[in-house]
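Visitor: Take this structure, written in structure tokens, and hold onto it; I'll ask about it next.
The values are calculated or read from the model by the stated rules, or taken from the named source; none is laboratory data. Not measured: the values here are computed from a predicted model. Note that we place each Cβ from the backbone using ideal geometry, even for glycine, and neighbour counts take in every protein chain shown. Areas reflect the complete protein model, heavy atoms only, side chains present, ligands, DNA and RNA absent. Shrake-Rupley method; radii C 1.70, N 1.55, O 1.52, S 1.80 Å.
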Amino acid sequence: MQNLINAIAIGFGVGVGALISLSLGAGDRAAAENAAGKGLLLSTVHGVTATVCSIALMPAFLRMFTQDREVISSGTQYAAIAFSFSVIITLGMTFEKIFQSVGWMKGAMLSLLCGCIANILLDPLLIFGLGPFPALGIAGAAIATGLGQCITLAVYLLLTRCRPLPIRIGRTRLRPDPQRDLRLYTVGLPAALSLALPSLLVSFLNALLAPYSPLYIVILGGYYKLQTFLYLPASGTVQGMRPVIGYNYGAGEAARVHRIYRYALGINGLIMAAGTLICLLFPRPLIGLFTDHPATLSAGETALRIISAGFLASTVSVTASGALEGLGKGPQSLVISLLRYLVVICPAALILCRRFGPDGIWHAFWITELLTAALAAWICRRALPAAPSPCSAPQKGI
């Protein structure tokens, strides 16, 4: 449930950031300010809706996984507190994308760091009651998380006071504009769905692996934790690319758009090549971070080597999807995510699982990455603006 709220908040924030970058590139500062103001207003509405719905649904949601009354009681208690901060989450995510859209990456990083560090420090204090703090148990964990999110938002607000953004955010920019509001959702909704799809995929793969042995579910969980360290740097490249490619697209600089895309593609290719090499050379120690069971280590070593065959190909899908979001082409980006997390991998995993057992599921990963990369390259080629001919006057740097 928390991942779903985060997906909605981040996805909509991507839409806000893309529209701001495109507007600034086109020299339309009023449109950029309108996107920022409307983004924060609509994010507040999303947060209130998420608070009400998630708290109301949580008891029934928990009963889908357990009938243990103590677990349901603790989960409901945690949710009632944690989801009360949903407005803070959605506003914080929107500010993050606004900061990124105007190129202030360090401000976004500082705000996130402050919130995360505060959460880490407050967790043991409020859970166990250290020093003057009361021992609140599960409620303390929820309060610590919420306070961390409040600190993140407070730092964003403080930074906008100390160093004003290039765009002004005020009520004067909140006039109704249905067409522009729709554009926020045209990019934001597909981005939110793209972020939610991996959770659906993991649930599907767990259902396929469960009949064989619990050790395969451990391996899948370990792999997704490991891949986070690989795909996060690539995601950082994409986040840096979005505002720059959007700005140049809005300014009509087609040559620069292509150059930025190729540059990001090259960086992510190097990241994925390094990840592939590490997984091929050290699969056992990597899986050993999550288990010391010999059978799990052996099966995990095989799984990691098979899955890593698709890392390099995934460079195209990851970079193309981010570039399309930066250009405001959310539906095309969603198509790539659907291919990668649903349309190709689910039937491939199902067919190969029946033919080769659990190892067939691992092979479905690299097969999916290869097919999706080819389709993503075709989609991106059609969506990117036409590059000028070589005879055109050369452009200056990015």
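Visitor: Report, by residue number, each residue of the stretch 361-375 that is surrounded by fewer than 24 Cβ atoms within 10 Å (Cβ to Cβ) and either aliphatic (A, V, I, L, M) or at pLDDT below 95 (or both).
Guide: Ile367, Leu370, Leu371, Ala373, Ala374, Leu375
Visitor: Based on this model, can you work out whether Tyr185 counts as surrounded by 15 or more Cβ atoms within 10 Å (Cβ to Cβ), modelled with pLDDT of 85 or more and either aromatic (Phe, Trp, Tyr) or at negative phi (or both)?
Guide: no
Visitor: Would you pick out the residues in the stretch 346-363 that are within 21 Å of Glu301 (Cα to Cα) and in contact (Cβ under 8 Å) with a residue 12 or more places away in the chain?
Guide: Hits for the stretch 346-363 are Ala349, Leu352, Cys353, Gly357, Pro358, Asp359, Ile361, Trp362, His363.
Visitor: Filtering the stretch 316-332 down to residues that are more than 16 Å from Val344 (Cβ to Cβ) and open to solvent by less than 10 Å² (accessible area, probe 1.4 Å), which residue is farthest from the chain's Cα centre (by Cα)?
Guide: Checked the stretch 316-332; the qualifying residue farthest from the chain's Cα centre (by Cα) is Leu327.
Visitor: Could you list all residues from the stretch 188-209 that are at pLDDT 85 or above and open to solvent by 50 Å² or more (accessible area, probe 1.4 Å)?
Guide: Phe204, Ala207
Visitor: Only residues that are farther than 13 Å from Ile345 by Cα and either under 18 Å from the mean Cα position of the chain (by Cα) or assigned to a helix (DSSP H, G or I) (or both): list them for the stretch 204-215, please.
Guide: Asn206, Ala207, Leu209, Pro214, Leu215
Visitor: Assuming Lys106 fulfils every condition listed in (1) at pLDDT below 90; (2) surrounded by fewer than 21 Cβ atoms within 10 Å (Cβ to Cβ); (3) within 19 Å of the chain's Cα centre (by Cα) apart from one, which condition is it?
Guide: (1)
Visitor: Only one of these is surrounded by fewer than 22 Cβ atoms within 10 Å (Cβ to Cβ), closer than 30 Å to Pro243 by Cβ, of a type in the set (A, V, I, L, M) and within 21 Å of the chain's Cα centre (by Cα): Leu42, Leu19, Leu91. Name it.
Guide: Leu42
Visitor: Would you call Gly137 open to solvent by less than 50 Å² (accessible area, probe 1.4 Å), closer than 22 Å to Ala7 by Cα and not acidic (Asp, Glu)?
Guide: For Gly137, the condition - open to solvent by less than 50 Å² (accessible area, probe 1.4 Å), closer than 22 Å to Ala7 by Cα and not acidic (Asp, Glu) - is not met.
Visitor: Quick check: is even one residue across the stretch 76-84 farther than 30 Å from Ala207 by Cα and either surrounded by 15 or more Cβ atoms within 10 Å (Cβ to Cβ) or in contact with a Cys (Cβ under 8 Å, 6 or more places away or on another chain) (or both)?
Guide: yes
Visitor: Does at least one position in the stretch 50-57 carry a residue that is within 20 Å of the chain's Cα centre (by Cα) and either of a type in the set (Gly, Ala, Ser) or surrounded by fewer than 15 Cβ atoms within 10 Å (Cβ to Cβ) (or both)?
Guide: Within the stretch 50-57 (the criterion being within 20 Å of the chain's Cα centre (by Cα) and either of a type in the set (Gly, Ala, Ser) or surrounded by fewer than 15 Cβ atoms within 10 Å (Cβ to Cβ) (or both)), the answer is yes, since at least one residue qualifies.
Conditions (1) of a type in the set (S, T, N, Q); (2) farther than 22 Å from Ile8 by Cα; (3) touching a residue at least 12 places away in the same chain (Cβ under 8 Å), marked per residue:
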{"position": "Ser101", "(1), (2), (3)": "yes, no, yes"}
{"position": "Ala118", "(1), (2), (3)": "no, yes, yes"}
{"position": "Pro124", "(1), (2), (3)": "no, yes, no"}
{"position": "Ile127", "(1), (2), (3)": "no, yes, yes"}
{"position": "Thr145", "(1), (2), (3)": "yes, no, yes"}
{"position": "Tyr156", "(1), (2), (3)": "no, no, yes"}
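Visitor: Hey, another quick one. Anything in the stretch 285-304 that is more than 24 Å from Pro233 (Cα to Cα), in contact (Cβ under 8 Å) with a residue 24 or more places away in the chain, surrounded by 15 or more Cβ atoms within 10 Å (Cβ to Cβ) and not β-branched (Val, Ile, Thr)? List them, or say none.
Guide: Ala299
Visitor: Taking the stated definitions as given, is Gly131 open to solvent by 60 Å² or more (accessible area, probe 1.4 Å) and at positive phi?
Guide: Considered against the rule, which asks whether it is open to solvent by 60 Å² or more (accessible area, probe 1.4 Å) and at positive phi, Gly131 comes out as yes.
Visitor: Could I ask something else about it? Starting from the stretch 256-284, keep only residues that are open to solvent by less than 40 Å² (accessible area, probe 1.4 Å), then list their pairs with residues that are among the basic types (Lys, Arg) whose Cβ atoms are within a distance under 8 Å, requiring at least 6 positions of separation or different chains.
Guide: Cys279/Arg305; Pro283/Arg305
Visitor: Which one of Thr94, Thr90, Thr51 is in contact with a Ser or Thr (Cβ under 7 Å, 6 or more places away or on another chain) and more than 17 Å from Leu153 (Cα to Cα)?
Guide: Of Thr94, Thr90, Thr51, the one residue that is in contact with a Ser or Thr (Cβ under 7 Å, 6 or more places away or on another chain) and more than 17 Å from Leu153 (Cα to Cα) is Thr51.
Visitor: Quick check on the stretch 228-243. Is at least one of its residues touching a residue at least 24 places away in the same chain (Cβ under 8 Å), in contact with a helix residue (DSSP H, G or I) (Cβ under 6 Å, 6 or more places away or on another chain), among the hydrophobic types (A, V, I, L, M, F, W, C) and open to solvent by 40 Å² or more (accessible area, probe 1.4 Å)?
Guide: Scanning the stretch 228-243 turns up no residue that is touching a residue at least 24 places away in the same chain (Cβ under 8 Å), in contact with a helix residue (DSSP H, G or I) (Cβ under 6 Å, 6 or more places away or on another chain), among the hydrophobic types (A, V, I, L, M, F, W, C) and open to solvent by 40 Å² or more (accessible area, probe 1.4 Å).
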